[in-house]
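Asks: Handing you a structure now.
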Amino acid sequence: DRFHILSHMAEAVDTVRKEEHQLLKRKGDETLKGTKYLWLYLENT
């Protein structure tokens, strides 16, 4: 059903965001800092 599909998608997007943020952070780039809820919101629109 739609709820479970969106739940899995949100989890996947958040996992990728975390990984990308860690990679960027090691390089001194804080671009993704504070964007968690923006990514989750954009996914659900």
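Asks: What accessible area per residue comes out for the chain, rounded to a whole number of Å², with a 1.4 Å probe? Mind showing how you got there, number by number?
Replies: Details: 3940 Å² over 45 residues.
Dividing the accessible area of the chain by its residue count gives 87 Å².
Asks: Moving on to the next point. Which GluC sites (Glu not before Pro) from the chain combine a DSSP loop assignment with at most 12 other Cβ atoms within 10 Å? Before the final figure, lay out the partial values.
Replies: Details: sites: GLU11, GLU19, GLU20, GLU30, GLU43; in loops: GLU30.
Listed in order of number, the matching sites are GLU30.
Asks: Of all the accessible heavy-atom surface of the chain, with the other protein chains kept in place and a 1.4 Å probe, what percent is carbon and sulfur? Numbers along the way, then the final one.
Replies: On the way: 2380 of 3940 Å².
About 60 percent, which is the carbon plus sulfur part of the accessible surface.
Asks: Can you pull the accessible area of LEU6 for me, 1.4 Å probe, Å² to the nearest 10?
Replies: For LEU6, solvent-accessible area is about 50 Å².
Asks: Okay, next question. Tell me, what is the FRET efficiency for ARG2 and LYS27 to the nearest 0.05, using R0 = 35 angstrom and their Cβ-Cβ distance as r?
Replies: Values: r = 38 Å, r/R0 = 1.08.
Efficiency at R0 = 35 Å is approximately 0.40.
Asks: So how tilted is helix 2-26 from the main axis of the chain? Cα-based, degrees 0 to 90, rounded to 10.
Replies: Taking the Cα atoms of the chain, the angle to 2-26 is about 0 degrees.
Asks: Please state the Cα pair-distance histogram of the stretch 2-45 with 10 angstrom bins from zero: what percent is in each bin?
Replies: Once binned at 10 Å, the Cα pair distances of the stretch 2-45 give 27, 49, 20, 4.
Asks: Any lysines with Cα under 19 Å of the LYS36 Cα? List them, leaving off those in the same chain fewer than 8 positions away.
Replies: LYS18, LYS25
The values are calculated or read from the model by the stated rules, or taken from the named source; none is laboratory data. Note that this is a predicted model, so its numbers are computed, not measured. With ideal geometry, Cβ positions are generated from the backbone for all residues, glycine too; neighbour counts draw on all protein chains shown. Areas reflect the complete protein model, heavy atoms only, side chains present, ligands, DNA and RNA absent. Shrake-Rupley method; radii C 1.70, N 1.55, O 1.52, S 1.80 Å.
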